[in-house]
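Below is one structure, written out as structure tokens; the observations come after it.
The values are calculated or read from the model by the stated rules, or taken from the named source; none is laboratory data. A quick note: this is a predicted structure, and the numbers were derived from the prediction, not measured. Cβ: placed from backbone, ideal geometry, glycine included. Neighbour counts: every protein chain shown.
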Amino acid sequence: MATATRLPAIPAGLAKDDLLEIYYYLRLTRALETRLVNLYRQGKVIGGLYSSFGQEGESVASAYALDEGDVLSPLIRNLGSMLVKGARPADVLRQYMAKATSPTAGREMNIHFNDLRLGYLGQISHLGDMVPVMAGIALTFRIRGEARVGLVYAGDGATSTGAFHEGMNFAAVQRVPLVVIVEHNGYAYSTPTRRQAAVERLADKARAYGVPGVTVDGNDVLAMYEVTSRAVERARAGEGVSLIEAVTYRRRGHAQHDDQRYQPRDEIARWEAHDPVDGYVARVTETGWVARSELDAAERRADAAIDQALEECEGDPLPAPDTALSGVYAAPPAADALWFRRLDG
């Protein structure tokens, strides 16, 4: 009598609906960034455009490991984490197009915006500065006795900055409930990692702070989820900060204007074969956890969401010039406001 083959179990903490939702966010992130590239080429994006193409998996997976009350701070390539936390694609589009209806009313570009109700805090800089900021936020959770966790992203180049060091050291000493994810995507703008640090693995830097450090394949969505979940559980249990090195790759330039001449073509091709979205599809279908038709439906839903978002906001106006100082400075007395009118001519 033949023995039935037992399928591998879905990773702990996840169910089939979660697998489909993770895929939805992977496709939503990629569809939104693809649409932004098209808008950039049409001259409709104001300022730079930064893409996470090829490394969306680690952002979506790590954010999915958080609970509703937890807070994360994304960098320029963590759009997927914001979408998981509830950011609306229409608001992201408005932000990049500097619309008056954007979360910052056209004063800031890309994903420099907050929604503390949903649980994400926009960056003030991508050079490690959000590590001490999030360490302070996580400290408030500990002081108040709240079972909440903070998560912050940093690039490989950021691990060489003073802000990163100070934030990690403070978080370690204070045993704050924080998870620090270092995105090791090979380049700090155009500088390869081998010219940034002498250590082979950036997770080894955790030893200097006396905290756990682990290296994970950032393009393996489920591995990234599992590693982050363990770090989140550790933080929530009062055991302090952890450092996760997510090894991934940036398959586009630092920004849309970057021609990537410093990235070898064969290197890009090797990482293209290790695409996080393709790898996820193969994993969940080959194990029998999800049918391909169900993934196709999730992809169509993501594409439709981006179509609807653009239709909702593309015609929104740009901010009026006389609103430029609103919310920037304290409102001056009427007589003192004349300087602005003089500057305006």
Where residues in the range 218-239 are outside any helix (DSSP H, G or I), out of contact with any Ser or Thr (no Cβ under 6 Å at 6 or more places or on another chain) and touching a residue at least 60 places away in the same chain (Cβ under 8 Å), which of them is surrounded by the most Cβ atoms within 10 Å (Cβ to Cβ)? ASP220
Does the range 298-320 hold any residues that are of a type in the set (Gly, Ala, Ser) and loosely packed, with under 14 Cβ neighbours inside 10 Å, and which are they? ALA304, GLY315, ALA320
Does the range 211-221 contain at least one residue that is within 21 Å of the chain's Cα centre (by Cα), over 26 Å from TYR50 (Cβ atoms) and at pLDDT 95 or above? yes
Mind listing whichever residues of the range 52-70 are buried (at least 22 other Cβ atoms within 10 Å of the Cβ) and within 19 Å of ARG234 (Cβ to Cβ)? GLU58, ALA61, SER62, ALA63, TYR64, ALA65, LEU66, ASP70
Closer than 21 Å to SER51 by Cα, charged (D, E, K, R), outside any helix (DSSP H, G or I) and touching a residue at least 12 places away in the same chain (Cβ under 8 Å), is that true of ARG148? no
So which of ASP259, ASP322, ASP303 is assigned to a helix (DSSP H, G or I), free of Cβ contacts under 8 Å to residues at least 40 places away in the same chain and under 30 Å from GLN42 (Cβ atoms)? ASP322
Positions within the range 7-59 being closer than 21 Å to ARG94 by Cα, modelled with pLDDT of 95 or more and among the aromatic types (Phe, Trp, Tyr), in sequence order: TYR25
Please work out which one of (1) at pLDDT 95 or above; (2) surrounded by fewer than 22 Cβ atoms within 10 Å (Cβ to Cβ); (3) polar (S, T, N, Q) is the condition THR3 fails and give its number. (1)
Checking VAL277, VAL284 in turn, the sole residue that is in a helix (DSSP H, G or I) and under 27 Å from LEU36 (Cα atoms) turns out to be VAL277
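So that you can scan it fast, the table gives a plain yes or no per residue for (1) more than 16 Å from the chain's Cα centre (by Cα); (2) at positive phi; (3) basic (Lys, Arg):
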site: TYR50; (1), (2), (3): no, no, no
site: PHE53; (1), (2), (3): no, no, no
site: PRO89; (1), (2), (3): no, no, no
site: THR104; (1), (2), (3): yes, no, no
site: ARG107; (1), (2), (3): yes, no, yes
site: ASN110; (1), (2), (3): no, yes, no
site: PHE113; (1), (2), (3): no, no, no
Kindly list, by first and then second residue, each pair from a residue in the range 265-294 that is buried (at least 16 other Cβ atoms within 10 Å of the Cβ) and at pLDDT 95 or above to a residue that is outside any helix (DSSP H, G or I) and acidic (Asp, Glu), limited to pairs with Cβ atoms under 7 Å and residues at least 6 apart or on different chains. GLY279/ASP220
What number of residues in the range 177-217 are surrounded by 14 or more Cβ atoms within 10 Å (Cβ to Cβ), of a type in the set (A, V, I, L, M, F, W, C) and out of contact with any helix residue (DSSP H, G or I) (no Cβ under 9 Å at 6 or more places or on another chain)? 1
Quick one: in the range 71-96, which of the residues that are surrounded by fewer than 24 Cβ atoms within 10 Å (Cβ to Cβ) and β-branched (Val, Ile, Thr) is modelled with the highest pLDDT? VAL71
Filter the range 235-284 for residues that are polar (S, T, N, Q) and either more than 16 Å from VAL60 (Cβ to Cβ) or touching a His at 6+ places or on another chain (Cβ under 6 Å) (or both) and give the result. SER242, GLN256, GLN260, GLN263
Being more than 24 Å from ASN219 (Cα to Cα), assigned to a loop (DSSP other than H, G, I, E, B) and not charged (D, E, K, R): is that true of ILE111 here? no
Of LEU49, LEU39, which residue is in a loop (DSSP other than H, G, I, E, B), surrounded by fewer than 24 Cβ atoms within 10 Å (Cβ to Cβ) and in contact (Cβ under 8 Å) with a residue 24 or more places away in the chain? LEU49
Do you know which of the residues in the range 127-159 that are charged (D, E, K, R) and touching a Phe, Trp or Tyr at 6+ places or on another chain (Cβ under 9 Å) is nearest to PRO177 (Cα to Cα)? ARG148
Let me spell it out: the conditions are (1) over 21 Å from GLY69 (Cβ atoms); (2) part of a strand (DSSP E or B); (3) out of contact with any Leu (no Cβ under 6 Å at 6 or more places or on another chain); (4) touching a residue at least 60 places away in the same chain (Cβ under 8 Å), and VAL182 meets all of them except one. Which number is the exception? (3)
Taking interchain pairs and intrachain pairs at least six residues apart, which have beta carbon atoms under 9 angstrom, with the first residue in the range 112-133 and under 18 Å from GLY167 (Cα atoms) and the second acidic (Asp, Glu) and at pLDDT 90 or above? GLY128/GLU166; VAL131/GLU166; PRO132/GLU166
